[in-house]
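Okay, structure first, notes after.
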Amino acid sequence: MPFFSLGKLLRFNLYYWLAILMLGLLSSLHAAALYDKPYDWSYLPMMLASDLVAMLLTAALVVWTYQRLVQQAFSNWQLLTGVVLVAALYIPAENALWMLLWDREIVDIRKLIGNLDTSVLTFFVWTACYLTVLLYQQQLQRLAQTNELSQKIQQLELQALSHQLNPHFTFNALNSVCALLEAQRYDDAETMSEQLATFLRYSLSKSPDSLVQLADELAAINAYLQLQKTRFGDKLKVNWQIDDSLKRQRIPALLLQPLVENAIKYAVASRKQGATITIGGTREHNSLHLSISDDGPGSQVSADSSGAGVGLDNIRNRLLQHFGDSARLDIGASPQGFKVDISLPWQTA
């Protein structure tokens, strides 16, 4: 189905012939003034009738071409052929009517094709303008289809990135529950299962392309951390450094969870003494800066953290899909720890 409506094309046809009528009237008035003769207004109804007939004939062409467009069977040559047929009918009929008006009879049949150049030019200009309107509307249609396709592709990409994250986390959490059961820590396993169900309910209820308030995201992260503390106990320490004034800002759902998961995997779980995870947030000018850092081995384990690299690439791609070049992800690794900084555009309430 064409992006544009039949009504728009018919309005173009109406406006075109109204413009031709006005130009014809101005030309007649100019000629009368040039030869210092009064304009014969009795010709005006004839001009109106003549242009009305031309408008109706071309309106029939508009309807016919629109139907061909709907059927995806339209070509420019079909339109040109139709215009030639309309002109071949209209021009002799118009000349005949003017001859009857002036002379009361047709005295020379050859005059039926008089003014052929100017009359054909009118239809030629109509054709050029009509094809221009069609081309413009078809470009709008393709642009709308391209934008729609781009949005669908972005949504699919976000879904794919989300689906890469959730199974990874679920697998690790279920392994943790199994480990607690093997250690006969049944109460802890039950608590962890309940926390896992709560967190998964949150994560699965959020569309991969949705934005959530930072407060909701932090609440989900806190639930996740409580789940992990059931497993690691005092080895896992958390330091929150986010002001309440930032919590109404909106960020992509589950943006921080894989970063916290990486910190637990490579800093807390890998060391006997565990580690401290710091979750921070500040505002700098028109940007919201979020950070996840730990005091673990940092760059000492970079060679064994290919999984973390995949997670970071996913987050970087999600930021690109949501905010384009307005968002940034920076990574810093040192023997004293690992830090990930995220910069997002500040959003006014």
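Readers should treat all values here as calculations from the given coordinates under stated rules, not as data from a laboratory. What you see is a predicted model; the values in this text were computed from it and never measured. Reconstructed Cβ throughout: ideal geometry from the backbone, glycine too, with neighbour counts over all protein chains shown.
When a footprinting reagent is the concern and you count Cβ atoms within 10 Å, what order do Thr230, Thr278 take, fewest first? Intermediate values should be presented prior to the final figure.
Details: Thr230 23, Thr278 18.
By the 10 Å Cβ count, ascending: Thr278, Thr230.
Could you list which residues have their amide H under 5 Å from that of Ala253, counting only those 5 or more apart in sequence or on another chain, with H placed in the peptide plane?
Residues meeting the amide H criterion: Ser210, Val212.
Ordered by residue, what ³J(HN,Hα) values in Hz, to whole numbers, does the range 257-271 give under the Karplus form 6.51 cos²θ - 1.76 cosθ + 1.60, where θ = phi - 60° and Gly and Pro are x?
Calculated HN-Hα couplings, in order: 4, x, 6, 5, 4, 4, 4, 5, 5, 9, 10, 7, 5, 7, 10 Hz.
Roughly what would the spin-label model give for Ala19 and Arg271, points 7 Å off Cα along C-beta, in nm?
7.5
Roughly how many whole Å is it from the C-alpha centroid of the range 226-293 to that of the range 22-98?
74
In terms of modelled amide H atoms, which long-range or inter-chain residues lie less than 5 Å from the amide H of Gly296?
Under 5 Å from the amide H of Gly296 lie the amide H atoms of Phe338, each far enough along the sequence or on another chain.
With r as the distance between the Cβ atoms of Leu29 and Gln67 and R0 = 41 Å, compute the FRET efficiency 1/(1 + (r/R0)^6) and round to 0.05. Mind dumping the intermediate values first?
On the way: r = 40 Å, r/R0 = 0.97.
Approximately 0.55, to the nearest 0.05.
So who's got an amide H within less than 5 Å of the one on Val238, skipping anything under 5 residues away but keeping other chains? H placed 1.01 Å off N, in plane.
For Val238, whose amide H was placed from the backbone, the distant partners under 5 Å are Ile277.
Using a cut-off of under 14 Å, list every residue of the range 72-87 whose amide N is near the label point 7 Å from the Cα of Gln141 along the Cα-to-beta-carbon line.
Backbone N within reach: 72-76.
Can you compute the FRET efficiency between Asp341 and Asp187 using 1/(1 + (r/R0)^6), with r the Cβ-Cβ distance and R0 = 35 Å? Round to the nearest 0.05. It would help to have the intermediate numbers written out before the result.
Details: r = 38 Å, r/R0 = 1.10.
Computed FRET efficiency for Asp341 and Asp187: 0.35.
Simple spin-label model, 7 Å along Cα-to-Cβ: Thr132 to Ala96 in nm?
The answer from the label model is 3.4 nm.
Could you check the spin-label model distance between Asp243 and Asp313? Points 7 Å from the Cα along Cα→Cβ, value in nm.
3.7
May I ask you to sort Phe12, Phe171 by Cβ crowding, counting other Cβ atoms within 10 Å and putting the fewest first? Intermediate values should be presented prior to the final figure.
On the way: Phe12 20, Phe171 10.
By the 10 Å Cβ count, ascending: Phe171, Phe12.
Work out the FRET efficiency for Asn175 and Gln213 from their Cβ-Cβ distance, taking R0 = 51 Å, and round it to the nearest 0.05. Display every interim value, and only then the final one.
On the way: r = 31 Å, r/R0 = 0.61.
Once rounded, the FRET efficiency stands at 0.95.
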